[in-house]
Amino acid sequence: MSSIFSKIIAREIPADIVYEDDLVLAFHDIAPSAPVHILIIPKREIATANDVEPDDEAALGRMISVGAQIAAEQGIAADGYRLIINCNEHGGQEVFHLHMHLVGGRSLGPMLTRPKKRRST
């Protein structure tokens, strides 16, 4: 079954595209969680990180290098940004076409809430 991202690749659904080559496509998230929030996707539909195959390594590497390039173009590289890939329900994945979030433009805080340390008595 085709994901919404596959429909964006096929130009069946509009998107604000910021980068495209033969392996990946990058576009602005429609519900950004930071001043800069761009999704970078492989053009081949891969459902989750669990479904990555050796032939996908070039596209996944390209996703990271494109993320760095876009971060520089968006002016957030020096202060920092986050690249996030979620996997399955507990990982927070909502669209089952592997994708990487590039988020930045403000301090993002800790990645996860850390458990409180117990005091020894």
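Nothing in this text is a laboratory measurement; each read-out follows from the coordinates by a stated rule. What you see is a predicted model, and the numbers here were worked out from it, not measured in a lab.
Some points to look at:
- Proximal lysines relative to Lys43, as straight alpha-carbon distance under 20 Å, when same-chain residues fewer than 8 apart are discounted: Lys7
- Taking each residue as 0.36 nm, the span from Gln69 to Ile17 lengthens on full extension beyond its C-alpha to C-alpha distance by 17.3 nm.
- Added length on full extension, which subtracts the Cα-Cα distance from 0.36 nm per residue, Glu45 to Asn88: 14.0 nm
- Once the Cα atoms are used to define both axes, helix 57-73 deviates from the longest principal axis of the chain by about 70 degrees.
- You can think of it this way: the chain between Ser2 and Ala58 has 18.0 nm of extra reach, that is 0.36 nm per residue less the Cα-Cα gap.
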